[in-house]
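Student: First, the structure itself, so that you have it in front of you.
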Amino acid sequence: MQNQTVAFSKDSSNLFFHILTKCNLSCSHCYINKEQHGERTLPIDTIRDWLELFSPKAAQTNLVLLGGEPTLHPDLHLAVKKARHLAFKSITIDTNGYLFHNILEKITPGEVDFISFSLDGATRDTNDMIRGEGSYKTILSGIQRARAKGFACSMIYTVSDKNIHELDQMPDLVKGLGIDRFFIQVIGMRGESSPSLQGSQALRASNLQVSNLQVSKELWLETIPEVAEKIAAQGIIVTYPKVFLSNGDQFQCAGNVAKNYFVFPNARVYQCPICEDFPLHSHEIQDNKLVAMPQINETDLFKLTIPEGCVMNKMIQPGNLAYTKNGRPRHRIACCMLKQELIP
Ligand code: SF4
Ligand code: SF4
């Protein structure tokens, strides 16, 4: 089994394209923030134009179509077909499992690389407490339906203090599901996951350790790598955020050394997912062109070097930092885009 940190590269790119912000669920950790991301459902012609905008590098770009709930978009299938026509390196749909508008009937397994399902608990009680009544059953049946039609499926489990205790049950749960990839994500103090922190209020409240969803460093390190290995041992590729850098690990900000684009329906384009709660976007799409925003924007933050690692982390979630009595950070926080990958 290969167990490696995935190095940042400017030769490959990730395009996270939020085609709408509407959703049928209201998960407790949802990062969608309509004030910052808009409320539009993008018309299919706009989606096509924006895909074309990123298409000169399509062969190097992994495209993720997401929302809100992307299957609520009646023309999602046309977006997939356009993206396939433009030859994006990979195409993934991130869904909450409800698979609206008969999406499985309108696209073929050859047109998408993955359908990715979000599940946030090994049991119905925990998942439904976080994601909403009935969602557990719907997700599992959605995976079965997609697999039966030959789609490759992946699963995303967003870890918080509400569900980390069930992560060790996931290796058994995924056994019969036929998924190919398993992504562990970490909860952040973002969007509606931090209801007391909207927009710029989060910056002002930065030294209040208000998030009761994040898990401690000890619990993260005790739990995540072991579960990841157990799942990978079943032949499933597992990816999880590195979060804490070890001595000797180099800190890098993806904003400086990688190409990630987070596109929202209000035409904002971010390069850092933690910046998405603020009007700090580095670009906007105007007349189907990517236009750089004036200073100050997220790119000014990418240039800052601090001993704690990620600048945005220090500003909005300082609760995961600790210091020696001399004031030196006990550990550095990696860029949230830095992943550890286990390949069976
Ligand atoms: S996390 Fe996803 S499924 Fe849940 S409310 Fe937000 S957009 Fe909807
Ligand atoms: S999470 Fe931190 S390190 Fe990563 S892109 Fe954003 S500011 Fe840079």
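Student: Pick from LEU177, LEU140, LEU167: which is modelled with pLDDT of 95 or more, in a helix (DSSP H, G or I), aliphatic (A, V, I, L, M) and surrounded by fewer than 20 Cβ atoms within 10 Å (Cβ to Cβ)?
Tutor: Result of the check over LEU177, LEU140, LEU167: LEU140.
Student: I'm told VAL215 meets every condition in (1) modelled with pLDDT under 90; (2) more than 16 Å from ligand 1 (Cβ to nearest atom); (3) more than 19 Å from the chain's Cα centre (by Cα); (4) not in a helix (DSSP H, G or I) except one. Can you identify the failing condition by its number?
Tutor: (3)
Student: Quick check on the range 33-56: of everything there that is out of contact with any helix residue (DSSP H, G or I) (no Cβ under 6 Å at 6 or more places or on another chain) and part of a loop (DSSP other than H, G, I, E, B), which residue is nearest to LYS339 (Cα to Cα)?
Tutor: Among those that are out of contact with any helix residue (DSSP H, G or I) (no Cβ under 6 Å at 6 or more places or on another chain) and part of a loop (DSSP other than H, G, I, E, B), it is GLY38.
Student: Would you mind stating whether GLU52 is within 30 Å of ILE316 (Cα to Cα), acidic (Asp, Glu) and surrounded by fewer than 18 Cβ atoms within 10 Å (Cβ to Cβ)?
Tutor: No; evaluated as a whole, the condition is false for this residue.
Student: With the requirement that a residue be within 14 Å of ligand 2 (Cβ to nearest atom) and either in contact with a strand residue (DSSP E or B) (Cβ under 7 Å, 6 or more places away or on another chain) or in contact (Cβ under 8 Å) with a residue 60 or more places away in the chain (or both), what does the range 290-317 give you?
Tutor: Passing the criteria: GLU298, PRO307, GLU308, GLY309, CYS310, ASN313, LYS314, MET315, ILE316, GLN317.
Student: Return the residue satisfying two criteria in turn: it lies in the range 1-19 and is part of a loop (DSSP other than H, G, I, E, B) and of a type in the set (A, V, I, L, M, F, W, C), and of such residues it is surrounded by the most Cβ atoms within 10 Å (Cβ to Cβ).
Tutor: It comes out as ILE19.
Student: If you check LEU280 against the conditions, is it among the aliphatic types (A, V, I, L, M), farther than 24 Å from SER55 by Cβ and within 16 Å of ligand 2 (Cβ to nearest atom)?
Tutor: Yes.
Student: Pairs please, first residue from the range 55-68 and closer than 14 Å to ALA79 by Cα and of a type outside the set (Lys, Arg), second anywhere and within 16 Å of ligand 1 (Cβ to nearest atom) and in a helix (DSSP H, G or I), Cβ atoms under 7 Å, 6+ apart in sequence or on different chains.
Tutor: From residues that are closer than 14 Å to ALA79 by Cα and of a type outside the set (Lys, Arg), the pairs are LEU65/LEU76.
Student: Something else: Which residue, of ASN247, ASN297, ASN288, is surrounded by fewer than 19 Cβ atoms within 10 Å (Cβ to Cβ) and modelled with pLDDT of 95 or more?
Tutor: Residue meeting the stated conditions: ASN288.
Student: Quick one: in the range 143-164, of everything that is of a type in the set (A, V, I, L, M, F, W, C), farther than 15 Å from VAL238 by Cα and not in a loop (DSSP other than H, G, I, E, B), which residue is nearest to the chain's Cα centre (by Cα)?
Tutor: The selected residue is ILE164.
Student: Go over the candidates ILE93, ILE130, ILE139, ILE115 one by one and state the one that is within 17 Å of the chain's Cα centre (by Cα) and closer than 17 Å to LEU177 by Cα.
Tutor: Going through ILE93, ILE130, ILE139, ILE115 in turn, the sole match is ILE115.
Student: While we're here: Six or more apart or on different chains, Cβ atoms under 7 Å: show the pairs whose first residue is in the range 8-32 and touching a residue at least 60 places away in the same chain (Cβ under 8 Å) and within 16 Å of ligand 2 (Cβ to nearest atom) and whose second is small (Gly, Ala, Ser) and in a loop (DSSP other than H, G, I, E, B).
Tutor: Note: pairs meeting the criteria are PHE8/ALA258; SER9/ALA258; LYS10/ALA258.
Student: If you go through the range 52-84, how many residues are more than 17 Å from ILE103 (Cα to Cα), aliphatic (A, V, I, L, M) and more than 19 Å from the chain's Cα centre (by Cα)?
Tutor: Number satisfying all stated conditions: 3.
Student: Something else now. Restricting attention to the range 143-159, which residues are out of contact with any helix residue (DSSP H, G or I) (no Cβ under 7 Å at 6 or more places or on another chain), surrounded by fewer than 19 Cβ atoms within 10 Å (Cβ to Cβ), farther than 27 Å from VAL243 by Cα and touching a residue at least 24 places away in the same chain (Cβ under 8 Å)?
Tutor: GLN144, ARG147, GLY150, ALA152
Student: Something else about it: Determine, yes or no, whether ILE274 is within 13 Å of ligand 2 (Cβ to nearest atom) and of a type outside the set (Phe, Trp, Tyr).
Tutor: Yes; evaluated as a whole, the condition is true for this residue.
Student: Is one or more of the residues making up the range 262-269 in contact (Cβ under 8 Å) with a residue 12 or more places away in the chain, surrounded by fewer than 19 Cβ atoms within 10 Å (Cβ to Cβ) and within 16 Å of ligand 1 (Cβ to nearest atom)?
Tutor: Yes: one or more hits.
Student: Please work out which residue is nearest to ligand 2 (Cβ to nearest atom), limiting yourself to the range 318-328 and to residues that are of a type outside the set (Lys, Arg) and farther than 18 Å from LEU221 by Cα.
Tutor: Among them, the one singled out is PRO318.
The values are calculated or read from the model by the stated rules, or taken from the named source; none is laboratory data. Being a predicted model, the structure only gives us computed values, none of them experimental. As a convention, Cβ positions derive from the backbone with ideal geometry for all residues, glycine included, and neighbour counts pool all protein chains shown.
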